[in-house]
Amino acid sequence: MSRIRLLPEILASQVAAGEVVERPASVVKELVENSIDAGARKIEVVIRRGGISLVRVVDDGCGMDRDDALLSLERHATSKIRTAADLAAIATLGFRGEALPSIASVSRFRLTTREPEAIAGTEIIVAGGRIETVRDGGEAPGTQVEVRSIFYNLPARRKFLRSENTESRNIEHQLHLQATGHPEIAFAFVRDDRIAFQLPVAASLLERIRDLHGTGLVERLLPVEEPSASARIRIRGLIGQAGVSRHGRAQQLVFVNGRAIESPVLTAALREGYHTALMKGQFPVTFLFLDLDPSAVDVNVHPAKREVRFRDPAGVREAVVETIRKTLESGRRDWQQQFQRPVTLGAATENVAGIAIVPHPAELEPGGLPDGPGDWVNRPSLAIRPQFVEPALPSVGPGEGGGLAPAEGRIDIASAGNQFQIIGILNKLYVLMENESGLVLVDQHAAHERILFEELRRRMEEQGVPSQRLLLAQTFELAPRDAEWVERNTATLQKMGIGIEPFGQNAFKIDSLPTFLEVSDPVSFMRKVIDGLKSASNGSSPLRLGEDMIAKTVCRHAVKANDPLGYLEVEKLISDLLECDLPYCCPHGRPTMIQISLAELEKKFGRKV
Ligand SMILES: [Zn+2]
């Protein structure tokens, strides 16, 4: 049986398509969401030429009978159930069918569907919104939608499509979103007759992410720890450890009530949660799921439902920031484990390791340890570095390690309590350490930055950073806008050890600076600080401002990359780092530590293939 029928309101559908169907990726999104709603356990997406020539989505979901199939192609089919009550309760992905007529109005469209128990299925063919064929079809249970030659009837829209590669990438990203949101569904993606990925049903989000992105990434993710306080919002998922970041947002995924969304509120919250754990211009890696009462979110802000509006944006933001912060700190114990000296360094080798740090290389057994460490300790130029840090810093004072009077007894006592094993220093910058899994490299500059940063932040929160009077107080003028900013933040600046106060219209007097700073020109220093902080902190809390301030000044002051350190200094540096709240990265988000496993070394040396 075949009949020709005109879809109602083709034009209206095309207009609606302009909002919902922007590009092949949006077709994929709508079709895959329909499949998910249909209870599919397996979804296959086939595209050709960036989806411009073909998008085919095949699922094994519940399928439709003929009436429903036809109804799904009518523009207002689902609008009828859009009462206020329905709307508030909508927790599913979308209104099934809402997008189908739009897609069918701008393409050559074929839908085949069959309910599992039905003898025959239905095939409907539509071209540019005109139903051309409706007949029995003998497909497998489920629904298959084929969209060919998108925008063939709207050349103006077609011109806005990007290159096939770009469209393909958009589709792939869209599928990553869907696959991440639904580990319980198997996905396959075929691009130009080649399998791009094939994801079996996954038992967990972690498993799905491993299948998508590999074990390398999974090992650097932390399960989200929920702050106990808020019952109004549930947050779960996985996020990248501090120091894990990307150049783009491809792996910054946030789902609200199961839907992948973009939200400035959440983007800002992620940034703030990561704060000093993120490199400038980088994006965090997150697979975050927020579950809220559906009435607390408006999903209908964007036609394609990509954006949401929260009823309590501040509350959501706070919950996300807290969750991220707690989660980042939670990885600490695992991280510290990497500094454990290997257990295999038992009684026999313990001794040798001890000798290695005692400055008498002559006593080393011939053929024993490589002479690197002993040699390193003994070089006088390296051993004596009293200017390691300013006296203001209690973390590594010259009295305890900075001076490195190489008294053997002291070294033994100092190292006795250590659970880690230092081997030496590479290029005056990287501390080499040995652990169970192989080699640990610590960037001593980044490590020192982190230690200084946390120390100063603690002081700032407690009693304020100690400051030192300038020999001559200096006055300077600022542009009105900057002046206003300084006035607003004077209290924070003073807590930071910067003695600044208003001195007439748009003018200020500065008479002290933090003791740890060595600044030859306080005025130009202040101008730089103000510039940096203004752009960094968009009016956020004084604490954030203070953190930015420290992060910006600390870097110049931390151990220079090629400052040679003595053994005790290095040892102190590592134990101080291990005590930090967020030891994994410097306050600018660069990692402090890298692990190179024995397996990697074996591979490089061809011991294992
Ligand atoms: Zn840094």
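For this structure, a couple of remarks:
- Strands (runs of 3 or more DSSP E) contained entirely in the stretch 422-507, each with at least 2 residues that are more than 30 Å from the chain's Cα centre (by Cα): 467-477, 499-502
- Of all residues in the stretch 141-149, none are over 39 Å from the mean Cα position of the chain (by Cα), without any contact (Cβ under 8 Å) to a residue 60 or more places away in the chain and farther than 23 Å from residue 49 by Cβ.
- Qualifying residue in the stretch 248-255 (condition: touching a strand residue (DSSP E or B) at 6+ places or on another chain (Cβ under 7 Å), touching a residue at least 12 places away in the same chain (Cβ under 8 Å), open to solvent by 40 Å² or more (accessible area, probe 1.4 Å) and among the aliphatic types (A, V, I, L, M)): no
- Among the residues of the stretch 128-165, those that are buried (at least 16 other Cβ atoms within 10 Å of the Cβ) and of a type in the set (Gly, Ala, Ser) comprise 128, 129, 137, 142, 149.
- If you go through the stretch 564-599 and keep only what is out of contact with any strand residue (DSSP E or B) (no Cβ under 9 Å at 6 or more places or on another chain) and within 15 Å of the ligand (Cβ to nearest atom), you end up with 580, 582, 587, 588.
- Restricting the first member to the stretch 328-340 and to residues that are part of a loop (DSSP other than H, G, I, E, B), and the second to residues that are open to solvent by 80 Å² or more (accessible area, probe 1.4 Å) and not β-branched (Val, Ile, Thr), the beta-carbon pairs closer than 6 Å and six or more apart or on different chains are 340/419.
- Output for the stretch 231-247, where each listed residue is modelled with pLDDT of 90 or more, within 14 Å of residue 209 (Cβ to Cβ) and of a type in the set (A, V, I, L, M, F, W, C): 238, 239
- Residue list for the stretch 1-58, restricted to those being touching a Phe, Trp or Tyr at 6+ places or on another chain (Cβ under 9 Å), modelled with pLDDT of 90 or more and not in a helix (DSSP H, G or I): 23, 42, 43, 44, 45, 46, 47, 52
- Any chance residue 536 is surrounded by 15 or more Cβ atoms within 10 Å (Cβ to Cβ), modelled with pLDDT of 75 or more and touching a helix residue (DSSP H, G or I) at 6+ places or on another chain (Cβ under 7 Å): no
- Residue within the stretch 436-451 that is away from the ligand (no atom under 16 Å from the Cβ) and out of contact with any Leu (no Cβ under 8 Å at 6 or more places or on another chain) present: yes
- Residue among 210, 234 that alone is more than 23 Å from residue 32 (Cβ to Cβ) and either outside any loop (DSSP other than H, G, I, E, B) or open to solvent by less than 30 Å² (accessible area, probe 1.4 Å) (or both): 234
- Search result, residues across the stretch 35-66 that are over 17 Å from residue 112 (Cα atoms) and open to solvent by 10 Å² or more (accessible area, probe 1.4 Å): 41, 48, 49, 52, 53
- Candidates 162, 135 - the one that is among the charged types (D, E, K, R) and closer than 22 Å to residue 306 by Cα: 162
- Segments classed as helices (runs of 4 or more DSSP H), wholly inside the stretch 98-192, with at least 1 members that are farther than 16 Å from residue 25 by Cβ and of a type in the set (A, V, I, L, M): 100-105, 155-158
The values are calculated or read from the model by the stated rules, or taken from the named source; none is laboratory data. All figures in this text were calculated on a predicted structure; none of them were measured in a lab. Backbone-built Cβ (ideal geometry, glycine too); neighbour counts: all protein chains shown. The accessibility values were calculated without ligands, DNA or RNA, using every heavy atom of the protein model including side chains. Shrake-Rupley method; radii C 1.70, N 1.55, O 1.52, S 1.80 Å.
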